[in-house]
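The values are calculated or read from the model by the stated rules, or taken from the named source; none is laboratory data. In this text, all values refer to a predicted model and were calculated from it rather than measured experimentally. All Cβ positions, even for glycine, are placed from backbone atoms using ideal geometry, and neighbour counts span all protein chains on display.
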């Protein structure tokens, strides 16, 4: 039986696991990082790890979710805060999402190994994740709602519209299997197609394109 920890100890250990986990995942990758790698520097027994996280994948996810607020800040700064043109903002947002995935160290942990992508995806509770990150989506949701009120984005659930912008992530996840020239072309084209689908019908109802 793992020894009981006080509330203060739990907080300290959890923070240490997050710190050690980040370092291990960046160094070894998700697959090669072991529970022993995570608990030894933390000073707890292997069994005690499971008092804090169900799996190492759950720890990785928790670490990655800490990145979301910063990502959203950068995405908004490079899109809706940069231009008043809604279609252009959507295109910039999607290109920004792709850039974040391509350059973020924690994203690369799983993107560099297709087997890791599938293994990690199989562990996810998508509904729970969406609930966790909902607050971080507030700026983009507000921008979408405002554009809908101006008649510049089609009617619909703003959260679903925001999540649809993440479709470009599927391209990034397959980038290793796509010839570079084709990948670059698709990454240029796909955001424009999605943005057109979200804005063109709305502009037509207003009486024409801008």
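Residue-level check: of (1) under 24 Å from residue 107 (Cα atoms); (2) without any contact (Cβ under 8 Å) to a residue 40 or more places away in the chain, residue 46 misses just (1).
Here's the yes/no breakdown for (1) under 26 Å from residue 88 (Cβ atoms); (2) at pLDDT 95 or above; (3) under 17 Å from the mean Cα position of the chain (by Cα); (4) not assigned by TED's automatic domain parsing to the domain that holds residue 85:
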residue	(1), (2), (3), (4)
115	no, no, no, no
121	no, no, yes, no
135	no, no, yes, no
142	yes, yes, no, no
145	yes, yes, no, no
162	yes, no, yes, no
167	yes, no, yes, no
178	yes, no, no, no
189	yes, yes, no, no
